[in-house]
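Novice: Just passing along the structure, written as structure tokens.
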Amino acid sequence: MSERDPAPIVPSSAALEGPAALALLRTMWRIRVFEERVGVLKRADEVYGLIHLSIGGEGVAAAVCTQLRDDDVVYSGHRAHGHAIAKGAPPDRILAELMGRSDGLCHGLGGSMHLVDVEHGLMGATGVVGGNIPLALGSALATRLRGGDAVAVSFFGDGAVQAGHFNESINLATLWGLGVVLVCENNGFAEFTPRSAHTNVERVCDVVAPYGLERETVDGNDVAAVWEAFGRFLEVARRGGGPLLLECLTHRLRGHYEGDPTLYREAISATEWQQRDPILRLARQGAAAGWFSAEDVARAEREARKEIEAAVEFARASPYPAAELPGELVYAGGSRP
Amino acid sequence: MAREMPYIAAIGEAIHLEMARDESVLYFGQNIATTDDDPFLAAFGHDRVRVTPISETAEIGMAVGAALAGYRPVVELYMAEFMLVAMDQVVNEAPRFRYMSGGKVKVPLVLKAGYGFTAGWAGQHTGSIYSMFMGVPGLKVVLPATAADAKGLMATAIRDDNPVCFFHHYLLTLEHGEVPEGEYLVPFGEAAVRRTGKDVTIVAIGWMVDRALAAAERLAADGVDAEVIDPRTLAPLDTATILESVAKTGRLVLVDQATRHGSASAVIAAEVADQGFDSLRAPIKQVTALDATIPYSEPMERFVLPDEDKIVAAVHQVLGSAPVAA
């Protein structure tokens with residue numbers, strides 16, 4: 001962080017402990033099992049289209065979204081499954097969407113990259129890198145005008161930071177003091193190329209330094225660190241502060257998309273992954289701190305597997321939507337050109 | 001009661017009335033409300049009337065987010081070309097969100113932009129680029145040609161639950177016309193028959209409506225009775241009214257200030273060829289701008305644009321009649 005850093009953020013009143021830690025572990029397992037299962041279903045051609053998995057990044061999704069209420073809105077990008085699950089969207093309906101079925105969250109019109117679950121505050125995901133960032137500003141503006149303490153969160157990768165969307169949004173959000181928390185998942189790769197091929201600025205927090213917004217870079221695979229940092233930011237945003245930027249350094253275990261041969265990078269070693277895996281890390285940390293028992297950890301995984309298998313059966317049983325559905329949904333109010 | 005007022009004032013009146021009627025209507029844009037006595041600012045305050053930086057992507061994207069949250073933003077973009085800076089938001093986000101969500105959300109939003117300023121504004125402030133948007137599913141595209149329509153279409157655009165591109169012609173800005181007082185709505189998807197006739201159908205878009213009406217008067221002197229149709233909205237497009245007219249006249253001339261291969265007239269010609277071929281007694285004729293960027297110098301600018309002479313010549317061509325010698 002540079003000399004232009006703003007005053008230190010108010011220290012969090014809450015540090016991670018037992019019940020919250022276990023909830024994070026459960027959420028991460030649900031995402032992990034979901035993503036692994038989707039990978040298998042994709043290879044079996046049961047999942048239809050373009051899929052981006054977030055294995056390795058579960059910690060950020062869980063630590064951020066489990067602290068939010070249903071009336072707090074989240075925007076995500078092309079790698080959205082984890083955010084959706086952590087925000088409360090039901091995995092069976094997400095999976096049905098990925099399989100193009102009628103019971104999918106969006107009745108098969110959106111697919112993996114465009115999940116929307118208004119009821120749980122997942123306002124939308126976009127497939128254009130950075131395209132969701134200004135939308136979160138609009139939600140924050142709406143809260144400002146309407147009153148209340150709901151917060152808007154935008155998730156994006158480090159690849160989005162070089163795009164105009166991000167830079168215009170940072171300027172406008174700081175200029176108007178909008179209550180948006182920008183969560184950058186910096187996994188060091190923008191699609192197929194390393195960050196070094198995109199910019200000379202290593203840390204996203206340094207990119208925004210001149211605007212003076214509150215910001216912090218944390219190890220995104222250290223779930224407790226993300227949880228605590230985001231918790232502090234959330235308190236600020238709830239009180240009407242913002243914008244804030246949380247940069248989470250993380251790792252994308254799989255390729256950019258399912259089927260990506262990942263020739264552009266070397267796979268992380270199994271030993272190194274053991275050290276970095278956010279689930280194993282929290283499990284170790286929680287055991288040491290006495291937050292939960294070994295049985296709690298095993299149960300979290302077991303329950304996640306059970307839930308996701310049921311989701312697979314639900315999605316498989318769901319019929320395809322009526323092929324004519326598109327004609328009804330192009331325009332609100334139904335009138336067509 | 002109707003009274004005379006300029007086209008641009010009619011647009012402003014519609015926005016003002018809708019803002020007074022509905023608190024969810026917001027007004028954003030660059031360089032708007034620059035003084036405290038601005039009528040919008042005075043009436044609605046800084047919360048709802050917001051001057052933005054030159055950041056079309058952030059402005060339009062923020063408006064989409066506010067629309068998703070239940071507001072009805074009107075974004076002032078000044079020049080249609082400035083929308084191109086933010087095509088991701090205009091094309092990928094605003095019109096697709098409702099659809100991709102399976103119909104769970106809506107994006108009521110107006111993108112207000114001027115176009116076609118062919119008065120020496122050269123290559124980047126003169127484009128008639130509306131047809132780029134009429135083919136984007138989920139967007140509505142409206143082009144008022146009169147002051148009354150400017151008011152009525154803006155009011156309808158603000159009340160519509162979809163993103164609407166409202167294109168106003170810069171050369172009509174100070175043109176006066178009769179405009180109804182108070183609430184006035186012009187429905188989308190209803191073309192206006194500006195002049196009835198039996199010999200030929202002229203479909204003219206935006207600024208071309210007045211040129212087509214002037215051409216029709218000259219043609220009347222030659223004994224040709226032209227019907228002039230103003231579609232008013234390109235999406236939705238009132239194809240039925242055009243087809244009915246062609247069924248009556250058997251001949252179609254399309255007049256569009258856009259470049260030929262980027263014109264709305266090309267789309268309308270295709271629809272009539274597809275759905276109304278049996279009615280046609282002559283090939284469809286298009287009078288458009290040349291496929292060239294608008295040049296700066298006046299004689300060249302005139303050369304590339306459609307005008308009365310070109311319309312008259314095209315009508316004579318579809319009628320198989322030689323123009324009357326001067």
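Novice: Can you tell me how many residues within region A:90-100 are within 12 Å of chain B (Cβ to nearest Cβ) and touching a helix residue (DSSP H, G or I) at 6+ places or on another chain (Cβ under 6 Å)?
Specialist: Final tally of qualifying residues: 1.
Novice: Sticking with this one: If we scan region A:148-164, do we find a residue that is in a helix (DSSP H, G or I) and within 8 Å of chain B (Cβ to nearest Cβ)?
Specialist: yes
Novice: Filter region B:20-45 for residues that are at pLDDT below 95 and among the charged types (D, E, K, R); which is nearest to the chain's Cα centre (by Cα)?
Specialist: The selected residue is B:38.
Novice: Hey, any hits in region B:252-270 for a residue that's outside any helix (DSSP H, G or I), more than 24 Å from the chain's Cα centre (by Cα) and surrounded by 16 or more Cβ atoms within 10 Å (Cβ to Cβ)?
Specialist: no
Novice: Could I ask something else about it? Return the residues of region A:19-67 that are free of Cβ contacts under 8 Å to residues at least 24 places away in the same chain and under 14 Å from residue A:253 (Cβ atoms); say none if nothing qualifies.
Specialist: Passing the criteria: only A:36.
Novice: Sticking with this structure for a sec: Only one of these is at the interface with chain B (Cβ under 9 Å from one of its Cβ atoms) and either part of a loop (DSSP other than H, G, I, E, B) or modelled with pLDDT of 95 or more (or both): A:107, A:78, A:83. Name it.
Specialist: Going through A:107, A:78, A:83 in turn, just one is at the interface with chain B (Cβ under 9 Å from one of its Cβ atoms) and either part of a loop (DSSP other than H, G, I, E, B) or modelled with pLDDT of 95 or more (or both): A:107.
Novice: Please give the number of the condition residue B:196 fails out of (1) hydroxyl-bearing (Ser, Thr, Tyr); (2) crowded, with 24+ Cβ neighbours inside 10 Å; (3) over 19 Å from the mean Cα position of the chain (by Cα).
Specialist: Of everything listed in (1) hydroxyl-bearing (Ser, Thr, Tyr); (2) crowded, with 24+ Cβ neighbours inside 10 Å; (3) over 19 Å from the mean Cα position of the chain (by Cα), residue B:196 misses just condition (2).
Novice: Which condition does residue B:224 not pass, out of (1) in a helix (DSSP H, G or I); (2) in contact with a strand residue (DSSP E or B) (Cβ under 7 Å, 6 or more places away or on another chain), if it passes all the others?
Specialist: (1)
Novice: Going residue by residue through region A:137-146, is there one that turns out to be at the interface with another protein chain (Cβ under 9 Å from one of its Cβ atoms), closer than 13 Å to residue B:93 by Cβ and of a type in the set (A, V, I, L, M, F, W, C)?
Specialist: Within region A:137-146, one or more residues are at the interface with another protein chain (Cβ under 9 Å from one of its Cβ atoms), closer than 13 Å to residue B:93 by Cβ and of a type in the set (A, V, I, L, M, F, W, C).
Novice: A further question on this structure: Every residue in region B:158-181 that is within 13 Å of chain A (Cβ to nearest Cβ) and either closer than 15 Å to residue B:9 by Cα or touching a Gly at 6+ places or on another chain (Cβ under 8 Å) (or both), please.
Specialist: Listed by number, the residues that qualify are B:160, B:161, B:162, B:163.
Novice: Here is a list of conditions, (1) modelled with pLDDT of 95 or more; (2) among the hydrophobic types (A, V, I, L, M, F, W, C); (3) surrounded by fewer than 24 Cβ atoms within 10 Å (Cβ to Cβ), and residue B:121 meets all of them except one; can you say which number that is?
Specialist: (1)
Novice: Restricting to region A:119-147, give me the number of residues that are among the small types (Gly, Ala, Ser), touching a His at 6+ places or on another chain (Cβ under 6 Å) and not in a loop (DSSP other than H, G, I, E, B).
Specialist: 1
Novice: Also, I was wondering about something else. Looking at A:313, A:272, A:309, A:295, can you tell me which residue is modelled with pLDDT under 90, acidic (Asp, Glu) and either loosely packed, with under 15 Cβ neighbours inside 10 Å or in a loop (DSSP other than H, G, I, E, B) (or both)?
Specialist: Unique residue meeting the criteria: A:272.
Novice: Tell me the residue from A:174, A:217 that is touching a Lys or Arg at 6+ places or on another chain (Cβ under 7 Å), outside any loop (DSSP other than H, G, I, E, B) and at pLDDT 95 or above, please.
Specialist: One residue alone meets the criteria, A:217.
Novice: Does residue A:285 satisfy the condition of being part of a helix (DSSP H, G or I) and exposed (fewer than 15 other Cβ atoms within 10 Å of the Cβ)?
Specialist: Considered against the rule, which asks whether it is part of a helix (DSSP H, G or I) and exposed (fewer than 15 other Cβ atoms within 10 Å of the Cβ), residue A:285 comes out as no.
Novice: Ok, one more. Residues in region B:113-125: is at least one part of a helix (DSSP H, G or I), of a type outside the set (Gly, Ala, Ser) and farther than 27 Å from residue B:24 by Cβ?
Specialist: Yes - at least one qualifying residue is present in region B:113-125.
Rundown of residues vs (1) of a type in the set (A, V, I, L, M, F, W, C); (2) over 29 Å from residue A:187 (Cα atoms); (3) free of Cβ contacts under 8 Å to residues at least 12 places away in the same chain, yes/no style:
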{"residue": "A:280", "(1), (2), (3)": "yes, no, yes"}
{"residue": "A:307", "(1), (2), (3)": "no, no, no"}
{"residue": "A:319", "(1), (2), (3)": "no, yes, no"}
{"residue": "A:332", "(1), (2), (3)": "yes, yes, yes"}
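Novice: Of everything in region A:190-214, what is closer than 26 Å to residue A:285 by Cβ and in a loop (DSSP other than H, G, I, E, B)? Give them in sequence order.
Specialist: A:203
Novice: Does residue A:58 meet the test of being modelled with pLDDT of 95 or more, surrounded by 20 or more Cβ atoms within 10 Å (Cβ to Cβ), among the charged types (D, E, K, R) and in contact with a Lys or Arg (Cβ under 7 Å, 6 or more places away or on another chain)?
Specialist: So residue A:58 fits the description; yes.
Novice: Does residue B:87 satisfy being under 27 Å from residue A:328 (Cα atoms), surrounded by fewer than 20 Cβ atoms within 10 Å (Cβ to Cβ) and not assigned by TED's automatic domain parsing to the domain that holds residue B:237?
Specialist: yes
Novice: Only one of these conditions is not met by residue B:128: (1) buried (at least 24 other Cβ atoms within 10 Å of the Cβ); (2) assigned to a loop (DSSP other than H, G, I, E, B); (3) facing chain A (nearest Cβ under 7 Å). Which number is it?
Specialist: (3)
Novice: Can you go through B:275, B:317 and tell me which one is over 20 Å from the mean Cα position of the chain (by Cα), of a type in the set (S, T, N, Q) and under 20 Å from residue B:218 (Cβ atoms)?
Specialist: On inspection, the qualifying residue turns out to be B:317.
Novice: Let me ask something additional. Restricted to region A:165-174, and to residues that are within 8 Å of chain B (Cβ to nearest Cβ) and closer than 19 Å to residue A:186 by Cβ, which residue is surrounded by the most Cβ atoms within 10 Å (Cβ to Cβ)?
Specialist: Ranking the qualifying residues of region A:165-174, first place goes to A:169.
Novice: I've got another one for you. In the set B:215, B:258, which member is among the small types (Gly, Ala, Ser) and over 24 Å from residue B:80 (Cβ atoms)?
Specialist: Exactly one residue qualifies, and that residue is B:215.
Here's the yes/no breakdown for (1) closer than 19 Å to residue A:188 by Cα; (2) without any contact (Cβ under 8 Å) to a residue 40 or more places away in the chain; (3) touching a helix residue (DSSP H, G or I) at 6+ places or on another chain (Cβ under 6 Å):
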residue	(1), (2), (3)
A:113	no, no, no
A:118	no, yes, no
A:122	no, no, yes
A:137	no, no, yes
A:140	no, no, no
A:163	yes, yes, no
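Novice: Go through region A:290-337 residue by residue and tally those that are within 27 Å of the chain's Cα centre (by Cα) and not aliphatic (A, V, I, L, M).
Specialist: Residues meeting the conditions: 15.
The values are calculated or read from the model by the stated rules, or taken from the named source; none is laboratory data. What you see is a predicted model; the values in this text were computed from it and never measured. FYI the Cβ positions are ideal-geometry reconstructions off the backbone, even for glycines, and counts take in every protein chain you see.
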